[in-house]
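The values are calculated or read from the model by the stated rules, or taken from the named source; none is laboratory data. Predicted model, so just to flag it, every value in this text is computed and none were measured. In this analysis, Cβ positions are derived from the backbone assuming ideal geometry, glycine residues included, and neighbour counts consider all displayed protein chains. All accessible areas refer to the heavy atoms of the entire protein, side chains included, with ligands and DNA or RNA removed. Shrake-Rupley method; radii C 1.70, N 1.55, O 1.52, S 1.80 Å.
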Amino acid sequence: MATEAPPPPQTPEDGSPVQPTTEAFLEAQNSPEFAELRRSHRSFAFPLTVGFIAWYLLYVLLSSYADDFMSKIVFANFNVAFVFGLAQFATTFLIAWFYSRHATNKLDPQAAAIKSRLEADA
């Protein structure tokens, strides 16, 4: 959904691009494209956030109240608590990687289209 808009006009004083008006920003905010951008972000971020918080709370609760389960040896000297703790780190990096891919493939093109339209209208 990227557009091939020309760069915004330059002001003679300092060479910076002309800024859109407040009305243009409000119009962009109320546009269907911006609503789709918000929906794309929320539909990805909220479920992953809720899932990760639930996973983290499960880990904390099991560590606090399920000593027998968490102290079971999985292999060598590593118990379930240690494996779950490492899985917390792995989950964090995995979610960050998924979000980066999602932002690059979906959010950035939508945002760039909105931005280029705003700059072209200024």
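Quick notes
- Residue selection: GLU33 satisfies the criterion of being closer than 30 Å to ALA120 by Cβ, at pLDDT below 95 and open to solvent by less than 80 Å² (accessible area, probe 1.4 Å).
- Where helices (runs of 4 or more DSSP H) fall entirely within region 40-122, those with at least 2 residues that are touching a residue at least 60 places away in the same chain (Cβ under 8 Å) are at 108-121.
- Residue check, LEU94 under 18 Å from the mean Cα position of the chain (by Cα), open to solvent by less than 60 Å² (accessible area, probe 1.4 Å) and of a type in the set (A, V, I, L, M, F, W, C): no
Here is a yes/no grid of residues against (1) closer than 30 Å to GLU23 by Cβ; (2) out of contact with any Pro (no Cβ under 9 Å at 6 or more places or on another chain); (3) not aliphatic (A, V, I, L, M):
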site: LEU48; (1), (2), (3): no, yes, no
site: GLY51; (1), (2), (3): no, yes, yes
site: TRP55; (1), (2), (3): no, yes, yes
site: PHE75; (1), (2), (3): no, yes, yes
site: PHE84; (1), (2), (3): no, yes, yes
site: ALA87; (1), (2), (3): no, yes, no
site: LEU94; (1), (2), (3): no, yes, no
site: GLU119; (1), (2), (3): yes, no, yes
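- Single match in VAL83, VAL50, VAL60 (criterion: at negative phi and touching a strand residue (DSSP E or B) at 6+ places or on another chain (Cβ under 9 Å)): VAL83
- Filter pass, ALA28 being over 30 Å from SER116 (Cβ atoms) and surrounded by 11 or more Cβ atoms within 10 Å (Cβ to Cβ): no
- Meets criteria (aromatic (Phe, Trp, Tyr), open to solvent by 60 Å² or more (accessible area, probe 1.4 Å), within 23 Å of the chain's Cα centre (by Cα) and on the phi < 0 side of the Ramachandran plot) for TYR65: no
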